[in-house]
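First up is the structure itself, then whatever we jot down about it.
Please treat every number below as a calculation from the coordinates, not as lab data. Not measured: the values here are computed from a predicted model. Backbone-built Cβ (ideal geometry, glycine too); neighbour counts: all protein chains shown.
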C-alpha cells in the first residue's frame, strides 16, 4: 500500500516534466538550465523508487503469472492459472472472508472504543499517562502477546480462574477451542489495536479549541451532542486518515494470529487470513510448499482489494474541511 | 499527523534495510570465494558450514568442538554460521545466487523436500565409500542403509549422512508403571485393556497438545502405517484420483483412532490449550494422564517439568490384527548434506568422515542425549527402549506423516493437518475422516 500512496504523489512529476520539455519561445538559457537540473534532482529519488518499490511490485505481478518454487527452479509461464486457482480454493475464500470480517467487525469495535475512550480521556487529568498506557499493547511484540494470551486463556488459566472466583462459573469457557478461536482472535485484535487509534484521534481532537466545548456547555449540550456537533466535524480529516490506516493494517494482520494459533504447524483454515494462507502455501508450515507464483497472486489480489477499499472509503468520507 | 510521520519513518526504515542488504550481499559473496579449491583437483583450504543449531545448544557445542579439532588437525579454515532451524531455506536462497555454503545440516526430510527437489544437493555415494577418520570401516558400514533409503537424488544416490536419529514412540513414567516396563502392551487389544483400566481409575490416560495438528496426526499416521504398511499414506497423498483412500486400511485405522478420541481416553480440553501445556502437565503429574505419543525429544523437552522420580520410558505403538506395518518404527534422521555448487565440497566430505568417528559421534549420545545412527555407540538411557524398537524394525522405517511432508507439502498444510484437526475436534467420524481426505485430495490435485 505504501507503494500505491507513493505512486500517487510521484505520478504528477513526469507529466509536469513532459509539458516543460516542449520548447517554447519564452524558453531562455534559464529554462534550459532548469530542465537539466530537474533530472539531476529527481533522478536519485526516482531510481530508488523504481528499484525498491515499483520494481518489486511489478516483479510480484510477473511472478503471479508463473509456476515457480524459487531457489534454482526455472519459472514456468502459466498465465492466469494461479488466479483461476484462487477462485476455486475454498481455504483462500475462507481466509479472504476472515480478513474482511476482521476489517468490518474489529473496525467498528476499534473505532467505537477509540471514540468513547477519546471522549472520556478528554476531560481527565492524567490523560497523557492514560494515553500511553492505552498505547502500550501496540508496542509489545504481537508474538509475546499471542503467547501470553495463550497462558491467560488456558482452560485452567487466569481468565477462567477469575470468572470462577467471582461465582461466574457458567461464563468460564475453553477460549482457545477450535470453534471459539476466531472470535477470541477478533477480541484480541481489538484490544491490541485500539490504543493506536485512540492516540491518532486524540491528536486530532487536541487541536479543537476549548471554547467550542465551553459554548456547547453553555447551550446545555449533552456529551453525545458535543461529540456529534463539535468533535466529529472538527476532527473529520484525522478520522478519515485513521480509517484508511485501519483498512490497510487490518487486511495485513499476520503475526498476532500466527502467534495465537501456534507456530508449530499451519494454522487451521478457520483462523487463516489472506497473509497467513499466503505464508502457509509459500514458506510457512511444517513442510513449506514453495508455491511462490500462487502466493504472489494472493498478494496481488490483496493489494487490489486494499486499493479498491481505500478509494471507496475516501469517497464515502469526503467532506469539505471545516476551517477553525 | 503522527500517523504520517510514522509512515515516513517506516518507509525510511525499509529503505535503509534494503540498502543494507544490497551492500552486505556482495560483501558476503566475497567471503566464500578467493582460494578456488573444490572440484579443481587441489584440496580446499577452507570450509563454510551453515548449521541448523543455534549458539548454546548442546549439539552446537559438540559440533563446535569437532570443528575446532578438524581445523587444528587439517589446517582447513572453518567458517561456521549457527543459523537455526530455517537454515535450509537460507541455503536454498543462496543456491540461486550460486554461492551456497559447503556444508549444511537439518532434518533429512527437510533437506530432501527443499534442496533435493531442485537437485540442489550433491550425490554422496563417493563419500559413503570412503573410510571413517581414524577407523578401518567405511561410512556405508557404520550408517544403516535403511536409515538413508528415503533420501536419494533423482539418480538414486544418497544425499544425506545422518548423525542423529529422531522418531516417535509411546512415553510413560516407568517409576509409576513398572508393570508397563516389564510387560508393555503389544497389541491393540492389550492397549485398549490398559486404557480402560486407567479410565476406570478415573483417568484420561492420553496426554495430547491438540493445538499442534502434527501431534494429533501422530495417532492417525501410526494407525495407517500399522494397518496399511509403510508408504501407503504418501501414495494416497499423491494419488490424483483419490482411489488409494479406498484401501480398507484407512477406514480401519480411522476407526481405531476414533475410539481413542470419542471414548474419553484423551485428556479434557486437549484442543483448547497451547503447547506445551499438556505435555508439561503430563510430566509434572498435574493432569490425570499417563501416556504421551511423542518424538524422542520428549525426555529433554519435558524433563525440567517432570515430577521428582519421574522416569521416561517408552513402548512401541500397538500392533493391529493383520496389519501390514506391525513391524515398522518411526525414524527420521538429522544429517549433513552438501549443497550443489559448493566450492569446497571435498573439505565438507572430509569433515563428515571426521565427525562420524566413533569417539566424536558418541558425544551426540553422551552430551546431547540423542540417539546416533552407529549401533556401536550406546543409546542414552532414556532412549534405550526406543533403540530396541528401532533394532527390531530393521529397515522397516517410516518418517513423520509417512514422508508426505516431502512428497506433498501443500497437501500436508491444506488437507492432512486441517482434516486431522476436524477429526480430533469431533467434527468428523471415522468414515467422514476418510471420505473428506479423499474428496479434498482430489480437489487439491484438480486445482493444482
**Complete:** Partner shielding of B:210-217, taken as the mean number of other chain Cβ atoms within 10 Å, equals 4
**Prompt:** Across peptide A:266-274, how many C-beta atoms of other chains are within 10 Å of each residue C-beta, on average?
**Reply:** 4
**Message:** Antiparallel versus total DSSP beta bridges in chain B: what percent is that, nearest 5?
**Reply:** 60
**Fill in**
Given a Förster distance of 60 Å, the FRET efficiency implied by the Cβ-Cβ spacing of residue B:149 and residue A:54, rounded to the nearest 0.05, works out to 0.75
**Mean projected area in nm² (Cα convex hull; one quarter of hull surface) for the protein assembly as shown** = 42.9
**Asked** In whole percent, what relative contact order does the stretch B:129-225 give with Cα contacts below 8 Å and a gap of six or more residues?
**Response** 10
**Complete:** So the angle from the long Cα axis of helix B:87-97 to the longest Cα principal axis of chain B, reported in degrees to the nearest 10, equals 40
**Prompt:** Where does helix B:58-74 land angle-wise versus the long Cα axis of chain B, in degrees 0 to 90, nearest 10?
**Reply:** 30
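What number, rounded to the nearest 500 deg cm²/dmol, is the helix-based mean residue ellipticity at 222 nm of the protein assembly as shown, given -39500 (n - 2.57) per DSSP H run of at least four residues and division by all its residues?
That calculation yields -16500 deg cm²/dmol at 222 nm.
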**Residues of the stretch A:108-125 with amide N under 15 Å of the 7 Å Cα→Cβ point at residue A:138** = A:110-119
**Asked** Taking only C-alpha pairs under 8 Å that are 6+ residues apart, what is the relative contact order of chain B in percent?
**Response** 25
**Message:** Between residue B:97 and residue B:130, what is 0.36 nm times their sequence separation minus the Cα-Cα distance? Round to one decimal in nm.
**Reply:** 8.8 nm
**Request:** Determine, for each peptide in B:286-293, B:256-263, A:48-55, the mean count of other beta carbons within 10 angstrom over its residues, then list the peptides with the highest first.
**Result:** B:286-293, B:256-263, A:48-55
**Request:** Could you sort A:175-181, B:78-84 so that the peptide with the highest average Cβ count within 10 Å comes first and the rest follow in order?
**Result:** A:175-181, B:78-84
**Item:** For chain A: relative contact order, % (alpha-carbon pairs under 8 angstrom, 6 or more apart)
**Value:** 27
**Asked** On average, how many beta carbons from a partner chain sit within 10 Å of the beta carbon of a residue in A:167-180?
**Response** 3
**Asked** How big is D for chain A, in µm² s⁻¹ as a whole number, if Stokes-Einstein is applied with the Kirkwood radius of its Cα pairs at 10 °C and 1.306 mPa s?
**Response** 67
**Request:** With springs connecting C-alpha atoms under 10 Å apart, model chain A as a Gaussian network and identify which of A:156, A:32, A:84 has the largest mean-square fluctuation.
**Result:** A:32
**Complete:** Nearest 10, in degrees from 0 to 90: the angle of helix B:248-262 to the longest Cα principal axis of chain B is 70
**Message:** For a protection proxy built on the mean count of beta-carbon atoms within 10 angstrom, sort B:135-145, B:153-163 highest first, please.
**Reply:** B:153-163, B:135-145
**Request:** Sticking with the crude label model, points 7 Å out along Cα→Cβ, report the distance from residue B:447 to residue A:46 in nm, one decimal please.
**Result:** 4.3
